[in-house]
1. How large is Rg/Rh for segment B:16-68, to two decimals, with Cα atoms and a Kirkwood Rh?
2. Arrange the following residues from fewest to most other Cβ atoms within 10 Å of their Cβ: A:52, A:87.
3. Quick one: Cα convex hull volume of segment A:2-104, Å³ per residue?
């Protein structure tokens, strides 16, 4: 089984509803391609570390995907994202191998607690959503 | 006598990831990555940070991924 993470940054001028609709679109493509969506995170509006296309903020969406067969619709999804000018950046990462390797290492301190800590720490100092446009 | 003075203690550097048992370096963990990008936003070399080679490699990968998604900067001007 392969697992993937797909993260993309949408233009902040796109409304939240449209971002959700867009995400749903991609999710449909992925499930139609025979993979499952195992998780979804929306980070909302976040300041970019550097301006992209003269835009200083972005809306971050993260999808966790798993595929039993190893065949996915991800190439098509990436192709669509590349052509969608409301998407500033996207990144697909295959995670199963790295996670498996990490899990094999001994003496991992309690799974749940370290995960909580990670989620809590993840947003850096500029993680706070900013309201200005 | 003079020779003895040359001996001084340098704090031994330990790999943060080995010490904290972080096996999967997540590109989304901005707070963690920021510890390895000083002012100029360059990746902190192993010789300074003490990170072991086995962890520096995934760290470098994670930083580059985070940069692509504008989570951390390429440079600061």
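Every number in this text was worked out from the coordinates using simple rules, so none of it is lab data. None of the values given here were measured: they were computed from a predicted structure. FYI the Cβ positions are ideal-geometry reconstructions off the backbone, even for glycines, and counts take in every protein chain you see.
1. Values: Rg = 10.1 Å, Rh = 11.0 Å.
In segment B:16-68, Rg relative to Rh is 0.91.
2. The fewest-first ordering by Cβ neighbours comes to A:52, A:87.
3. Hull volume normalised by residue count: 99 Å³.
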